[in-house]
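Before any comments, here is the structure.
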Amino acid sequence: MAPSPSTQSITDLTTRFHKAKGDIPPLLIGASVTIVGENLYLFGGRHKASRQISSKLYVLSLETYFWKSVIPKNTPPTARYFHSADCYENHILLFGGMASDKSSPNGLCALGDIVLLNLQDENGDLAWEYPDTQSTTLPQPRYAHLSSISGSELMIMGGQDIENEYIPEVNVFDCKQKTWFNPIPIEPHYGAYRSAAVSIPTSSFASLNMPRIVDSANTSFASPFDENNAYNHSRQRNKTSTVHVYSSSNIDGPVRQFHALTVSTKGEFIDLTDRSNLLAGTALPPPLRFPVAFACGQYMVIAGSCITPTSSQYHIWALNFAAMAWTRLDAGPALSKGSWLRGALYKNSNRFYVFGHPDRSMGDDYKNRIVSFEYLVSIDTEAFGIYQPPTPSYDAEAQGLGLCILNDMTLADLTIITTDQQSVPVNSAILAQRWPSIRALLSPLLSPENPDPSVQTTHKLTFPDTHSVLVAFLQFIYTDQLLTAQQHQPHILSRLLLIADLFGIARLKELAVHALHQMLNMSTASVIYETAALSNSISLQIRALRVLINAKKMMQRKQQQQQ
């Protein structure tokens, strides 16, 4: 039953509950979950009832929530659980885990092999592949380790051997050359029980901020992320890979660790930096068990189970790398009941999925390490300001050239008239390329049968807004970016978002929504809320509403204090 308007909360707008259909996987221990494109791939795991270890592959469509058991081509890999799975260039790389071994005392052994799942071979089929690794030093077999792809390197960190001893080393696999580098010894004990690893791409830092802001003369303004970008450019020149590891424990009170491990692309150790002192503030995540980590824009998303003697709940937190501040993604009552123990970030739709069952006991399932994949809860991360920012389509030089062309009257063959009766000459070919909905209207100008410039310049087009908005709009048309100071005025951005929605210009809408997210505060929230509502930008609208509600609460507290 849907909540009534009087009882509905923000979480009711950001959280959805789904029951999966199709070939639903059984209750599993230690299965891997990997999202690629619009599908989630689940492999392996151990059955709770029979204790049998699985080598089955299940695929879940994140559009229809339909599970399908699939059998890829070629021989399936050794059945395993508590292995790792990472995506690299249309392949999922499986490493390690535990498998059956009748000759061992406990009937188990640790694995140290690497297996590739080709998501689309030359025939468009799923296929298992076994790389011929050109290595003299293979990694030590292990399970419950950490893994992350950084650039073209798969980094395997820590884990345990079959005797449950921690393995104090990092192994780097070159995904292009199919080669293992020599092991790198480390002191920290990393394991899947309390740690998670993630690579933060340099592109995230390059695109998370407002783009390079210029004025009409193409003069650059300072970016608040210049220092980070300089650091990242240095990393690119030096050809290094960095993986961040977040760990938490509660042995002697809550302890949180944050390490940055950097290696060269030749697999040579460079640096292990302890950045735990940066994890400050009043709002911090509690110790999380079997955490997972993901990079999303300027955020590192951490999620896992918080198990205490009095309560059990799945937590989702995000660390803003720019401010080094934590935000909790509150899923509301959807995760307060039942067993929810596995999460994954779906970047294509800016949603975080948590798998479980509303009628099972989370405490019991956690003790038995059981995860149910029959139900899933999705949380809109963009409504919390956590989303994949738009990537630049052209470099700074090309954008600057676009502005120069806009100011070159000799290339114009069309005049646009604004609502305040001002005119701007433009080039119809460029206009048609970025504004598809009016391409048909401009077809006479684009025809090679009428090349006479004196005739073409007599054509006029009416624009449904003012001159200042048109100039900002044309700056986008000529650069495919929002990069001028004029474009980043709140009222101009709001009009650009409405125009993008009106004419179906997806790129402009994405850029405008991103820019409005960046400038959302108590003074701009009401305007942004109204604009988002009119342009069907639901996530931005919800986030603006949250700011308005918080602002109202702050005013009420101040009034109470004054009284």
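The values are calculated or read from the model by the stated rules, or taken from the named source; none is laboratory data. Just so it is clear, the model here is predicted, and its values are computed rather than measured. We place every Cβ from the backbone using ideal geometry, glycine too, and count neighbours over all the protein chains shown. Side chains are part of the model used for accessible areas, which takes the heavy atoms of the whole protein and leaves out ligands, DNA and RNA. Shrake-Rupley method; radii C 1.70, N 1.55, O 1.52, S 1.80 Å.
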> Given charges of +1 on the Cβ of Lys and Arg and -1 on the Cβ of Asp and Glu, with all other atoms neutral, how large is the dipole of the range 99-178 about its Cα centre, in debye to the nearest 20?
Replying inline: 140
> If you line up the long axis of helix 490-503 against the longest principal axis of the chain, both from Cα atoms, how many degrees apart are they, to the nearest 10?
Replying inline: 90
>> For the chain, what does the accessible surface come to per residue with a 1.4 Å probe? Please give it in Å².
In response: 46
> Say the cut-off is 26 Å between C-alpha atoms; which of LYS337/LYS552; LYS347/LYS509; LYS347/LYS553 go over it?
Replying inline: LYS337/LYS552; LYS347/LYS553
> So what's the angle, to the nearest 10 degrees on a 0 to 90 scale, between helix 396-406 and the longest Cα principal axis of the chain?
Replying inline: 20
> Applying the Karplus parametrisation 6.51 cos²θ - 1.76 cosθ + 1.60 with θ = phi - 60° to the phi angles of the range 547-552, what ³J(HN,Hα) value in whole Hz is obtained for each residue in order, glycine and proline being reported as x?
Replying inline: 5, 5, 5, 5, 5, 5
> For the range 41-157, with the dipole built from +1 on Lys and Arg beta-carbon atoms and -1 on Asp and Glu ones, taken about the Cα centre, which of CYS109, LEU42, LEU60 lies farthest toward the positive end?
Replying inline: CYS109
> Which ³J(HN,Hα) values, rounded to whole Hz and listed in residue order, are derived for the range 190-200 from phi using the Karplus coefficients 6.51, -1.76 and 1.60 in 6.51 cos²θ - 1.76 cosθ + 1.60 with θ = phi - 60°, glycine and proline given as x?
Replying inline: 9, x, 5, 5, 9, 10, 8, 10, 7, 9, 9
>> Starting from 0.36 nm per residue, how many nanometres of slack lie between PHE503 and TYR193 once their C-alpha separation is accounted for?
In response: 106.6 nm
>> Given a Förster distance of 22 Å, report the FRET efficiency between GLU122 and GLN177 from their Cβ-Cβ distance, rounded to the nearest 0.05.
In response: 0.55
>> Checking the a/c ratio against 1.5 first, then a/b against b/c, what shape does the Cα gyration tensor give for the range 43-98?
In response: oblate
> If you take every DSSP beta bridge whose two residues both sit in the chain, what share of them, in percent to the nearest 5, is antiparallel?
Replying inline: 95
> Given Cα pairs under 8 Å that are at least 6 residues apart, what percent is the relative contact order of the range 450-563?
Replying inline: 17
>> Using the crude model of +1 on Lys and Arg Cβ and -1 on Asp and Glu Cβ, and no other charge, please compute the dipole size for the chain relative to its Cα centre, in debye to 20.
In response: 1760
>> Could you check the spin-label model distance between LEU441 and GLN559? Points 7 Å from the Cα along Cα→Cβ, value in nm.
In response: 4.8
> Rounded to the nearest 500, what is the chain's calculated 222 nm mean residue ellipticity when only DSSP H runs of at least 4 contribute -39500 (n - 2.57) each, over all residues?
Replying inline: -7000 deg cm²/dmol
>> Please report the carbon-and-sulfur percent of the accessible area for the range 96-174; probe 1.4 Å, protein heavy atoms only, DNA, RNA and ligands left out.
In response: 44
> Got the relative contact order for the range 1-103 handy, in percent, Cα pairs under 8 Å and 6 or more residues apart?
Replying inline: 23
> Of the heavy-atom accessible surface of the range 458-563 (probe 1.4 angstrom), what whole percent is carbon and sulfur?
Replying inline: 54
>> Please list, ordered by chain and number, the residues whose modelled amide H lies under 5 Å from the amide H of ARG351; skip anything fewer than 5 residues away on the same chain.
In response: TYR346, THR381
> In nanometres, what is the gap between the two model label sites at GLN421 and ILE549, each 7 Å from Cα along Cα-to-Cβ?
Replying inline: 4.8
> Got a sec? Charge dipole of the chain, +1 on Cβ for Lys and Arg, -1 for Asp and Glu; which of HIS83, TRP128, GLN563 is way out at the positive end?
Replying inline: GLN563
> Quick one: Karplus J couplings for the range 522-538, per residue in order, coefficients 6.51, -1.76, 1.60, θ = phi - 60°, nearest Hz, x for Gly and Pro?
Replying inline: 4, 7, 9, 4, 5, 5, 5, 4, 5, 5, 5, 5, 6, 9, 6, 9, 4
> Once label points are set 7 Å from the Cα along Cα→Cβ at both SER276 and PHE66, what is their separation, rounded to one decimal in nm?
Replying inline: 4.9
> For THR484, which sequence-distant residues (separation of 5 or more, or a different chain) have an amide H within less than 5 Å of its own amide H, given hydrogens modelled in the peptide plane?
Replying inline: VAL214
